[in-house]
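Peer 1: Handing you a structure now.
The values are calculated or read from the model by the stated rules, or taken from the named source; none is laboratory data. Since this is a predicted model, take the numbers as computed values, not measurements. Because the Cβ atoms are built from the backbone with ideal geometry, glycine has one as well, and the counts that use them run over all protein chains shown. The area values use the complete protein model at the heavy-atom level, side chains included, leaving out ligands, DNA and RNA. Shrake-Rupley method; radii C 1.70, N 1.55, O 1.52, S 1.80 Å.
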Amino acid sequence: MAPVVTSVSPAQGTPAGGTPVTITGSGFTGATAVRFGSSLATNVAVVSSTQITARTPAGTGTVKVTVTGPSGTSTQNVFFTYTTVAAPVLTSLSPASGPPSGGNTVTVNGTNLGGATQVLFGPNPATILTNTPTQITVTAPAGTGSVAVVVTTPGGTSNALGYTYAAAPAPSLTSLSPASGPTSGGNTVTLNGTNLSGATSVMFGINAAAILTNTATQITVTAPAGPPSAVNVIVTTPGGTSNALPYFYITAPIVNDLSTHLGPATGGNTVTVFGSNLTLTTAVAFGGNPATAINVISDSQLTVTAPAGSGTVQVTVTTPGGTSSTGNGNPHYTYLGAPVLTSLNPPNGLDTGGESVVLVGSNLTYTDSVTFGGIPASFFAISDTQVVATTPGGPPGVVSVVAHTPAGNSNALPFTYDPS
């Protein structure tokens, strides 16, 4: 069966000939000639039974492309047009250097670049990714030293621009931010340094981090999980492996107890927090409200000034290891309204003391002291609205009765000591 020609690429070229073309079809094994019109092509190479490469002879107009083999000559109407096409001109390469291993993307800028059939880096062809009349992007081949980059189109071969194969400099790390985090990982860590472009891996000890962003001077990653310990963070790029910087995995804090669990709604009182892994505390919250004046006493104890609030809330501690969660013990704190006294019953008694007096008011459940003229009285709270106290005695006359709770002192009501 005679050869079959289905296409020629490119389908046009300079009248002077010499345009490299690829002819596609079938039955090419043993082909003896390729003609453009009546003229024989040069540099004919039978690549396979379906592909031939050649260079066009000189010619004019539009001519039929035929392939002759042992069984005859193709008859399909596949044409090549001779046209005056401006030669390609190169103006710049970006970047103009790259690693000896190649594989990086290089942008070739210029004019008359449409229909590029080949981009050479020295003797080695690059892989063409995109092609417009003013720009070509390619994947650089491997190479060494300084080479000439040229582009071939149907209009001819361009001028040459220099490209340098240079070993990429090794990456260097200067800082991590933050330099510690929870054992569960998942936090974002920023690595600062130089020569960080093209990072292929960031390792936290033996565990790989997920790379989020990457520039020459900074990489952001999602830290992997790790056991409580210090690990080395290193970066690998085409230039090699960086120096190591330490990163600390911190166990999450635990809050077991408070002293006190009660306080005024206005806040401002000192609360001691007990637990573990508290040394690196950065924040303490009462519900959603931040405490102030954090003072870390030890890994198991710290003090804070309570913020204002209401109701019963959970107290949490935050460190680089995370935020504490509810566990054993009682990490809850209750805000109390200030105690209020509205009446005393009876409002008077003998100066010898020993008489029962009912203090009526509100917010009295947590009463922790009752005084008559500054002298402590024995008492017990019946409800949030009543406290029964036993008068301590005093000189005849009027004294002030005050109830105290963790929320502070109540208002004072007068009590009269009658002479016995």
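Peer 1: What is the distance in Å between the Cα centroid of segment 282-355 and that of segment 38-103?
Peer 2: Their Cα centres are 86 Å away from one another.
Peer 1: Contour minus end-to-end for Val358 and Thr279, with contour as 0.36 nm per residue of separation and end-to-end as the Cα-Cα distance? Mind dumping the intermediate values first?
Peer 2: Numbers: separation 79, 0.36 × 79 = 28.44 nm, distance 4.80 nm.
Once the chain is fully extended between Val358 and Thr279, it gains 23.6 nm.
Peer 1: Run the paramagnetic zone check for Ser94: 7 angstrom along Cα to Cβ, then residues of segment 123-154 with backbone nitrogen under 14 Å.
Peer 2: Output list for this probe position: 134-138.
Peer 1: Please calculate how many Å² of accessible area segment 293-420 carries per residue, with a 1.4 Å probe and no DNA, RNA or ligand atoms counted. Each step should come with its number before you reach the end.
Peer 2: Working: 5770 Å² over 128 residues.
Each residue of segment 293-420 exposes 45 Å² on average to a 1.4 Å probe.
Peer 1: When ranked by the protection proxy of mean other Cβ atoms within 10 Å per residue, highest first, what sequence do the peptides 348-356, 401-409 form? Numbers along the way, then the final one.
Peer 2: Values: 348-356: 14.6, 401-409: 19.0.
Sorting 348-356, 401-409 by mean packing, highest first, produces 401-409, 348-356.
Peer 1: Report the FRET efficiency, 1/(1 + (r/R0)^6), for Thr194 and Ala87, where r is their Cβ-Cβ distance and R0 is 35 Å, rounded to 0.05. The partial results should precede the final answer.
Peer 2: Working: r = 42 Å, r/R0 = 1.19.
Rounded to the nearest 0.05, the efficiency is 0.25.
Peer 1: Determine the gain in length on full extension of the stretch Leu129-Thr32; use 0.36 nm per residue of separation and subtract their C-alpha separation, reporting nm with one decimal.
Peer 2: Working: separation 97, 0.36 × 97 = 34.92 nm, distance 3.37 nm.
Full-extension gain reported as 31.5 nm.
Peer 1: Could you tell me what % of all Cα pairs in segment 264-379 have separations over 25 Å? Don't skip to the end; give the middle numbers.
Peer 2: On the way: 2809 of 6670 pairs.
Percent of Cα pairs beyond 25 Å in segment 264-379: 42.
Peer 1: With r defined as the distance between the Cβ atoms of Thr60 and Thr144 and R0 fixed at 45 Å, what FRET efficiency is calculated, to the nearest 0.05? Mind dumping the intermediate values first?
Peer 2: Details: r = 43 Å, r/R0 = 0.96.
Here the calculated transfer efficiency is 0.55.
Peer 1: Starting from one equal scatterer on each C-alpha and no solvent at all, send me the Debye-based log10 I(q)/I(0) for the chain at q = 0.08, 0.09, 0.14 Å⁻¹, two decimals.
Peer 2: -0.72, -0.79, -1.14
Peer 1: Once the principal axes of the Cα atoms of segment 311-420 are found, what is the range along each, listed largest first in whole angstroms?
Peer 2: 67, 21, 20
Peer 1: For the chain, which whole percent of the accessible surface, found with a 1.4 angstrom probe, sits on carbon and sulfur atoms? Intermediate values should be presented prior to the final figure.
Peer 2: Values: 10480 of 18630 Å².
Roughly 56 percent, rounded to a whole number.
Peer 1: On to the next question. Could you calculate the contour length gain from Asp351 to Ala265, that is, 0.36 nm times the residue separation minus the distance between their Cα atoms, to one decimal place in nm? All intermediate terms of the calculation are to be shown ahead of the outcome.
Peer 2: Values: separation 86, 0.36 × 86 = 30.96 nm, distance 3.70 nm.
Net length gain for the segment: 27.3 nm.
Peer 1: Just to confirm, what accessible area per residue do you get for segment 92-217 at 1.4 Å probe, in whole Å²? Don't skip to the answer; put the middle values down first.
Peer 2: Values: 5490 Å² over 126 residues.
Accessible area per residue, segment 92-217: 44 Å².
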